[in-house]
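The values are calculated or read from the model by the stated rules, or taken from the named source; none is laboratory data. All values derive from a computational prediction rather than experimental measurement. Here the Cβ is made from the backbone with ideal geometry for all residues, glycine too, and neighbour counts use every protein chain on show. Each accessible area value is taken on the protein alone, full model and side chains, heavy atoms only, with ligands, DNA and RNA left out. Shrake-Rupley method; radii C 1.70, N 1.55, O 1.52, S 1.80 Å.
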Amino acid sequence: MTVAVLSDVHGVLPALEAVLAEPDVEAADRIVLLGDVLAGPMPVETLERLSSLGSRAVWVRGNADRELAASARGAGDFVPDPIFPWAARQLRPAQLPFLDALPLTVSLDGVLYCHATPRDDAEIVLVDSPLDRWAEVLAGVTEDVVVCGHTHMPFVRLADRRLIVNPGSVGMPYGARGAHWALLGDGVELRRTEYDAEAACRFLAEHCAYPDIEEWADFFVRNPASDAEALRVFSGRGTSST
């Protein structure tokens with residue numbers, strides 16, 4: 001079975017469309033959506049597009065999915081990004097039970113998929129986290145391969161013989177520009193789909209009513225933060241909402 005893993009789309013529909021057009025994604029048996037799919041400039045359109053994939057799509061809950069539903073109901077604590085409460089207001093009441101029902105983890109073909117860690121959808125582990133930290137967050141996990149997202153930086157590493165894969169972020173990458181994802185089959189491949197960032201920024205400006213969309217798109221689509229910057233921010237944290 002081949003599995004395309006897409007994480008942290010964050011409502012950036014042009015980036016998502018670029019990845020879904022990849023031949024290996026079109027041919028994949030399953031498309032695992034690793035959480036934080038909607039919190040961004042085009043949440044409703046992104047949900048509708050991914051819903052059109054039907055049973056090929058396997059959904060996992062991210063912290064932003066959980067928080068977005070809570071925000072739409074006017075309850076809970078939220079990330080400090082002002083686009084977040086705006087995105088929550090775009091959701092329709094009938095869409096919230098779907099977000100509520102998303103699972104924390106999914107196991108497919110001997111691989112465990114989660115957003116942040118198997119025990120917490122907002123916990124932070126990094127490529128350079130020590131082995132005892134990995135042992136802590138993976139306690140009780142029986143699968144030999146764990147795929148996680150949340151930190152928006154792609155990597156593959158071993159943690160005491162267990163393979164850890166982070167596909168990076170489709171919509172809000174930290175590091176190289178483009179849409180990052182992973183393909184699992186006979187092995188593991190980290191992929192990056194290049195797309196026209198300028199055209200994407202124009203598309204978002206034309207189709208998103210968020211008042212500061214041009215500034216948002218410039219930071220997250222045109223000029224994403226480097227992995228070095230992100231690692232400096234994340235290092236030492238136990239949990240976070242990204």
Run the numbers on the stretch 143-188 and let me know its relative contact order in percent, using alpha-carbon pairs under 8 Å that are six or more apart.
31
Separation in nanometres of the label points that stand 7 Å from Cα toward Cβ, at A139 and D196
5.2
Give the Kirkwood hydrodynamic radius (Å, one decimal) of the chain, defined as one over the mean of 1/r across all pairs of different Cα atoms.
17.7
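Taking a probe of 1.4 Å, how large is the accessible area per residue of the stretch 54-130, in Å²? List each step's numbers first, then the result.
On the way: 3390 Å² over 77 residues.
Accessible area per residue, the stretch 54-130: 44 Å².
Within the accessible area of the stretch 146-242, what % is carbon and sulfur when the probe is 1.4 Å and the other protein chains stay in place? If you can, show how the numbers build up before the last one.
Working: 2120 of 4620 Å².
Summing carbon and sulfur atoms, their accessible area is 46 percent of the total for the stretch 146-242.
Given a cut-off of under 8 Å on Cα pairs at least six residues apart, what relative contact order in percent is computed for the stretch 1-136? Don't jump to the answer; show the numbers that get you there.
Working: 217 pairs, mean separation 28.9, N = 136.
Answer for the stretch 1-136 is 21 percent.
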With no solvent term and unit scatterers on the alpha-carbon positions of the stretch 118-242, Debye gives log₁₀ I(q)/I(0) at q = 0.13, 0.16 Å⁻¹ of -0.59, -0.84
Phi-derived 3J(HN,Hα) across the stretch 65-71 with the Karplus relation (6.51, -1.76, 1.60, θ = phi - 60°), rounded Hz, x for Gly and Pro, is 5, 4, 6, 5, 5, 5, 5
The chain, Gaussian network, Cα under 10 Å: of T142, T151, T117, the residue fluctuating most is T142
Say we join alpha carbon atoms closer than 10 Å with springs in a Gaussian network model of the chain; which of G54, G178, G40 then has the biggest fluctuation?
G54
Work out the FRET efficiency for V188 and S226 from their Cβ-Cβ distance, taking R0 = 25 Å, and round it to the nearest 0.05.
0.60
Carbon/sulfur fraction of accessible area - the stretch 1-96, other protein chains in place, 1.4 Å, %
51
In the Gaussian network model of the chain, springs joining C-alpha atoms below 10 Å, which of R92, R66, R177 carries the largest mean-square fluctuation?
R92
